[in-house]
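> Next up is a structure, given as structure tokens.
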């Protein structure tokens, strides 16, 4: 009797995620994972008790990849980097983006955790320190809706320009408008940007 072929759990997870990223969550099954690995289904069932457990792993891996994109330094502005990262993620992972944000709310956890992680990053941004948590959430809500809408248009092929430069300029202009409007509404110091730069500085009215 030939020896059983053993696969490390990580290798199985990577195969499942490859199926997820290329064809969506409906593309993931134990049989397809086994086929991709060139094995029987036994190694998968030896490492995972059910598809629910596999789906939880896929959710964590998807969130980790997304946070990696939104955590990169595209500009000197941490707040701007969040949105730019989301758009680049959508551009480079269209199927995965559709599965996470457009097909259903089954990945609500990814959205919620991304939101809270981004809120933490905003609180750490000194240029946004003039805003309290409610104001930061309001700003994040507006920018989230705008950015997710852009990403949906990107995935549908409606955007003519999908360059990093266009993402940065578009999100910067919208973000600056939202910050200025929030600052004006609350009577806070205005948030302006040095000419030619992508970082916001707080200027107190005299």
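> Does at least one position in the range 153-176 carry a residue that is over 22 Å from the mean Cα position of the chain (by Cα) and either exposed (fewer than 10 other Cβ atoms within 10 Å of the Cβ) or modelled with pLDDT of 85 or more (or both)?
No - not one qualifying residue is present in the range 153-176.
> Ok, one more. Go through (1) within 24 Å of residue 24 (Cα to Cα); (2) within 10 Å of the chain's Cα centre (by Cα); (3) buried (at least 17 other Cβ atoms within 10 Å of the Cβ) one by one and return the number of the condition residue 93 breaks.
(2)
> Here are some residues: 40, 29, 35, 22. Which one is outside the structural domain of residue 161 (by TED's automatic domain parsing) and in contact (Cβ under 8 Å) with a residue 60 or more places away in the chain?
Just a single option satisfies the conditions, and that option is 22.
> Now a separate question. All but one of (1) touching a helix residue (DSSP H, G or I) at 6+ places or on another chain (Cβ under 8 Å); (2) farther than 16 Å from residue 89 by Cα hold for residue 8, so report the exception by its number.
(1)
> Of 103, 76, which residue is over 8 Å from the mean Cα position of the chain (by Cα), farther than 17 Å from residue 151 by Cα and in the same structural domain as residue 150 (by TED's automatic domain parsing)?
On inspection, the qualifying residue turns out to be 76.
> Okay, moving on. If you scan the range 106-128, which residues turn out to be under 11 Å from the mean Cα position of the chain (by Cα) and either assigned to a loop (DSSP other than H, G, I, E, B) or over 14 Å from residue 148 (Cβ atoms) (or both)?
Passing the criteria: 113, 117.
> Select, from 151, 183, the only residue that is in contact (Cβ under 8 Å) with a residue 40 or more places away in the chain, on the phi < 0 side of the Ramachandran plot, in contact with a strand residue (DSSP E or B) (Cβ under 9 Å, 6 or more places away or on another chain) and part of a helix (DSSP H, G or I).
Within the list 151, 183, the selection yields 183.
> Sticking with this structure for a sec: Given the criteria in contact (Cβ under 8 Å) with a residue 12 or more places away in the chain, assigned to a helix (DSSP H, G or I), closer than 19 Å to residue 60 by Cα and in contact with a helix residue (DSSP H, G or I) (Cβ under 6 Å, 6 or more places away or on another chain), does residue 100 qualify?
yes
The values are calculated or read from the model by the stated rules, or taken from the named source; none is laboratory data. As the structure is a computational prediction, the values presented were derived from the model and not from experiment. Using ideal geometry, Cβ is built from the backbone for each residue, glycine included, and neighbour counts are taken over all protein chains shown.
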